[in-house]
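Asks: I have a structure I would like to understand better, so I am pasting it below and will then ask my questions one at a time.
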Amino acid sequence: MLEHCRAGDEVAWAQLVAQHERYVYAICTRGYSLGAADAEDVFQEAFVRTWHQLDRIPDEPALRAWLGQVTRRLCIDRLRALKRTRPEADAGMDQPAPGDQLGDIERALDVHAALAGLCDEHREVLDRFFCQDHSYAQISVDLDIAMGTVASRISRGLAGLREHVDADG
Amino acid sequence: MADLLDASLRELLDRTAAPGDPASGGVAAATACAMAAGLVTMAARSSVETWDEAAGIAAQALRLQARASELVPIAADAFAAAISALRPGEGLVRDGALGPALDAAADVPLRVCSLAADVAELASHTAAHAADDVRPDAVVAAGLATAAAYAAAHLVSVNLAVTGDDPRRQHADAATSAAREARDRAQTVEGPR
């Protein structure tokens with residue numbers, strides 16, 4: 001895909017953006033707490049800079065690290081600029097997000113991508129239990145499965161999720 | 001009341017024994033539910049060598065424990081608000097705060113009751129598959145969770161007594177029955193194989 005982007009393939013570029021847009025946006029909003037407008041500006045600039053420097057990115061595994069680094073720098077620059085124009089802005093925002101916080105964002109996105117690879121049965125039950133905090137009784141009624149098998153189905157879903165996450169590295 | 005989660009066991013026990021603390025029953029029920037979930041987590045983690053589902057069961061038990069732990073300070077706050085609204089001449093007359101306050105006070109134990117039923121179910125499932133040396137802990141967890149369900153259901157009834165019949169009372173009764181059935185199944189699981 002990277003080669004196609006370097007050749008000017010707009011379809012490939014759109015795919016690249018789609019693949020990494022959640023990651024970049026999460027850094028802006030959750031890593032550095034940028035507002036929607038500022039996050040959008042940084043988002044655009046990050047991909048513009050990446051487009052112009054595709055030749056410097058050796059391969060696709062390096063692309064994610066590249067995008068993360070560029071985005072973080074742009075977020076810090078944006079926060080500094082905001083602090084100059086709005087001195088009342090929280091001084092803590094001038095600090096880069098801790099490495100483990102950005103690591104959490106990456107892991108969350110990996111899990112989100114892996115969820116998409118699960119069968120509907122497993123994805124549904126994991127979403128209901130872990131994301132929506134549904135009880136076993138509610139899951140049993142809503143999905144018409146025996147109460148005694150809800151926990152087992154969730155366990156199998158988690159095992160499948162683990163396989164997907166581990167496979168993606 | 002958020003500091004309850006950071007209190008030592010000694011402090012928590014002392015607060016439970018202190019007269020005039022209206023949150024004791026709800027806090028105790030939520031705490032018992034969280035402890036039961038912890039026991040299930042331990043039993044599952046100790047059984048990963050012999051039980052394929054163990055890791056997944058441990059993850060679920062941890063999630064249930066987190067939900068129950070979150071309810072500990074919420075239970076304390078909700079009951080404190082209800083007691084405040086019941087003071088003669090305040091709330092009740094001034095701004096009609098009694099209904100919402102009691103609603104919140106009933107909602108929290110209802111959530112504890114539902115959680116406890118889930119923990120009992122998971123404990124029963126774990127008792128049937130856990131390693132021999134930790135099976136008794138899973139059975140204990142089922143009993144503890146069922147006690148938490150009964151306690152929370154009683155608090156639901158108490159808080160709804162002022163407002164009359166409410167489907168939440170039926171929900172609490174159903175959760176309590178489910179917990180009891182799960183506990184009974186856990187207690188009939190065969191001993192060491």
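FYI, it's all coordinate maths here, none of it is from the lab. Everything numeric here is computed off the predicted structure, so don't read it as measured data. Here the Cβ is made from the backbone with ideal geometry for all residues, glycine too, and neighbour counts use every protein chain on show.
Asks: Taking Cα pairs under 8 Å and at least six residues apart, what relative contact order does the range B:1-76 come out at, in percent?
Replies: 46 percent
Asks: Let me ask something else. How large is the dipole of the protein assembly as shown about the Cα centre if only Lys and Arg carry +1 and Asp and Glu carry -1, each at its Cβ, rounded to the nearest 20 debye?
Replies: 580 debye
Asks: May I pose another question? Taking the Cα centre of chain A as the origin and placing charges on Cβ (Lys, Arg +1; Asp, Glu -1), which of A:P61, A:A114, A:A137 is farthest toward the positive end of the dipole?
Replies: Going by the charge dipole, the pick is A:P61.
Asks: Based only on other Cβ atoms within 10 Å, what is the fewest-to-most ordering of A:E163, B:E49?
Replies: B:E49, A:E163
Asks: Could you work out the mean count of beta carbons from other protein chains within 10 Å of each residue's beta carbon in A:129-136?
Replies: Per residue, the number of nearby Cβ atoms from other chains is 5 on average.
Asks: Okay, helix-only estimate at 222 nm for chain A: each DSSP H run of n ≥ 4 adds -39500 (n - 2.57), divide by all residues, round to 500 deg cm²/dmol; what do you get?
Replies: -23000 deg cm²/dmol, from helical runs alone.
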